[in-house]
Amino acid sequence: MSTLITNIAELMTQDLEHRVLKDAAVVIEGERIAWIGAAADAPAADDVVDMGGRAVLPGWVDSHTHLLFAGDRTAEFEARMAGESYAAGGIAVTMNATRGTSDFDLTRLALGRVDEAVSQGTTYLETKTGYGLDVEHETRSARIASTVADQVTYLGAHLVPAGQDPEEYTSLVCGPMLAAVRPFVQWADVFCEEGAFTAEQSRRVLLACRDAGLGLRVHGNQLGEGPGVQLAVELDAASVDHVNYLAAGDVDALAGTWTGWDAGTGTGSRGTVATCLPACDLSTRQPLAPARALLDAGVQVALASNCNPGTSYTSSMAFCVATAVLQMRLSVHEAVRAATYGGALALHKDTGNDADGERAVGSIAVGHRADLHVLNAPSATHLAYRPGMPLTYAVWRAGKQAR
Ligand SMILES: N=CN[C@@H](CCC(=O)O)C(=O)O
Ligand SMILES: [Zn+2]
């Protein structure tokens with residue numbers, strides 16, 4: 001079964017050549033992209049869908065979310081808007097609410113959040129554990145997460161629960177908890193920040209997880225200059241996320257990880273992606289991450305929602321893109337790229353086509369997964385030009401129309 005999607009005013013492919021095609025068409029066949037090119041040259045297909053002069057982008061790749069939670073932190077948000085600063089301790093409020101919720105309700109809540117994201121154009125997403133914080137509840141979160149998200153990250157090292165010795169808790173995270181979650185997760189993450197985990201504790205966790213075969217990610221430099229970025233670089237993590245407070249040495253270290261990467265062919269040795277979370281920066285009133293400086297230094301950048309009840313209760317990637325353009329000084333093409341191809345790079349899903357069966361996401365090219373986001377606008381520029389507007393017109397996820 002093939003579908004020709006035609007009369008596309010602007011097709012922003014975010015492929016390796018950064019092609020933006022005008023008056024274009026795409027053919028999808030099953031879950032894959034089978035053809036792209038000028039609408040006038042399009043081959044016949046079983047079905048034809050006329051986009052009426054709208055813009056088409058890859059679906060958003062949201063590489064950083066925390067969707068497995070119950071409860072709400074409105075009071076904490078209100079206090080912050082009245083001048084309080086964000087501190088890691090709020091995580092315990094969500095931990096208590098999450099532990100007190102049934103499997104059925106936790107699954108329903110997470111699925112509802114995935115639906116919200118997909119209906120706004122997200123077609124591939126990662127989510128994390130981190131609100132269970134004991135073996136039973138971390139394992140449950142990992143298991144449920146593996147049924148609702150495309151990739152799952154183990155974040156047992158999110159906060160040391162009250163009354164527990166930090167070193168003993170770190171040993172639990174590195175030992176029995178890791179063994180229990182392992183069947184359900186691909187990645188491990190640590191909140192390496194004052195009030196959460198020290199550099200030494202974070203390193204212990206990441207090394208144990210790497211030995212268990214997991215890829216690595218780090219929450220780093222969110223609340224102040226700290227060791228997170230350097231640790232991520234040292235351990236060759238796929239991504240370091242937040243990156244609000246960077247010293248010049250941090251930017252250089254991140255740039256250094258990409259010197260063996262050939263961006264033109266998407267081959268070579270991968271570095272550490274800097275994942276910026278602008279909705280979180282605004283909601284916590286932290287300085288926006290220096291995405292412009294990172295890109296200018298040669299660092300690969302992703303944008304993600306960080307959807308969670310404490311610091312960023314939104315899954316709107318369009319909001320992140322608009323903020324990146326309006327406030328972080330990225331071009332529209334750069335911001336969309338960071339929210340699609342950049343997220344795929346951060347999740348190691350940027351390559352793969354017909355030959356290896358692992359289909360790439362985050363860019364529109366033959367053989368890649370058919371993840372398309374149609375805007376109710378003639379160009380992607382409208383994402384920043386009309387911020388906050390409901391611009392998602394249609395979504396294809398793995399070749400199926402999801403909206
Ligand atoms: N910073 C650490 N973790 C989350 C927030 C968790 C919470 O406050 O519930 C984040 O990415 O911002
Ligand atoms: Zn996070």
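The values are calculated or read from the model by the stated rules, or taken from the named source; none is laboratory data. Everything quoted here is computed from the prediction, not taken from an experiment. Heads up, the Cβs are rebuilt from the backbone with ideal geometry, glycines too, and the neighbour counts pull from every protein chain shown. With ligands, DNA and RNA removed, areas are computed over all heavy atoms of the protein, side chains included. Shrake-Rupley method; radii C 1.70, N 1.55, O 1.52, S 1.80 Å.
Details
- Single residue of the stretch 80-98 satisfying the filter (in contact with a Ser or Thr (Cβ under 9 Å, 6 or more places away or on another chain) and among the polar types (S, T, N, Q)) that is farthest from ligand 1 (Cβ to nearest atom): SER85
- Restricted to the stretch 30-140, the set of strands (runs of 3 or more DSSP E) holding at least 2 residues that are surrounded by fewer than 24 Cβ atoms within 10 Å (Cβ to Cβ) and β-branched (Val, Ile, Thr) comprises 47-58.
- Residue in the stretch 322-342 that is free of Cβ contacts under 8 Å to residues at least 12 places away in the same chain and either more than 16 Å from ligand 1 (Cβ to nearest atom) or open to solvent by 10 Å² or more (accessible area, probe 1.4 Å) (or both) present: yes
- Residue within the stretch 317-332 that is within 14 Å of ligand 2 (Cβ to nearest atom) and β-branched (Val, Ile, Thr) present: no
Residue by residue, here is whether (1) among the β-branched types (Val, Ile, Thr); (2) more than 18 Å from the chain's Cα centre (by Cα); (3) closer than 20 Å to HIS64 by Cβ; (4) not assigned by TED's automatic domain parsing to the domain that holds VAL218 holds:
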residue: ALA145; (1), (2), (3), (4): no, no, yes, no
residue: VAL148; (1), (2), (3), (4): yes, no, yes, no
residue: THR153; (1), (2), (3), (4): yes, no, yes, no
residue: PRO166; (1), (2), (3), (4): no, yes, no, no
residue: SER171; (1), (2), (3), (4): no, yes, no, no
residue: CYS174; (1), (2), (3), (4): no, yes, no, no
residue: VAL181; (1), (2), (3), (4): yes, yes, yes, no
residue: CYS192; (1), (2), (3), (4): no, yes, yes, no
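- For the stretch 32-79, the tally of residues that are more than 16 Å from ligand 1 (Cβ to nearest atom) and over 30 Å from PHE184 (Cα atoms) stands at 24.
- Scope the stretch 306-318; condition touching a residue at least 60 places away in the same chain (Cβ under 8 Å) and in contact with a helix residue (DSSP H, G or I) (Cβ under 6 Å, 6 or more places away or on another chain); matching residues: ASN306, PRO309, GLY310, THR311, SER315, MET317, ALA318
- Among the criteria (1) within 16 Å of ligand 1 (Cβ to nearest atom); (2) out of contact with any Cys (no Cβ under 6 Å at 6 or more places or on another chain); (3) among the aliphatic types (A, V, I, L, M), the one LEU303 does not fulfil is (2).
- Flag set for THR265, criterion: in the same structural domain as LEU326 (by TED's automatic domain parsing), in contact (Cβ under 8 Å) with a residue 40 or more places away in the chain and over 18 Å from the mean Cα position of the chain (by Cα).
- Every listed requirement among (1) open to solvent by 10 Å² or more (accessible area, probe 1.4 Å); (2) within 19 Å of THR340 (Cβ to Cβ) is met by ALA293 save one, (2).
- Note on the stretch 143-185: residues that are in a loop (DSSP other than H, G, I, E, B), over 11 Å from THR127 (Cβ atoms) and more than 14 Å from ligand 2 (Cβ to nearest atom) total 7.
- Count of the stretch 260-284 residues which are within 13 Å of ligand 1 (Cβ to nearest atom) and over 14 Å from HIS219 (Cβ atoms): 4
- Count of the stretch 224-256 residues which are touching a strand residue (DSSP E or B) at 6+ places or on another chain (Cβ under 7 Å) and outside any strand (DSSP E or B): 11
- Among the residues of the stretch 352-368, those identified as open to solvent by 30 Å² or more (accessible area, probe 1.4 Å) and at pLDDT below 95 are ASN353, ASP354, ALA355, ASP356, GLY357, GLU358.
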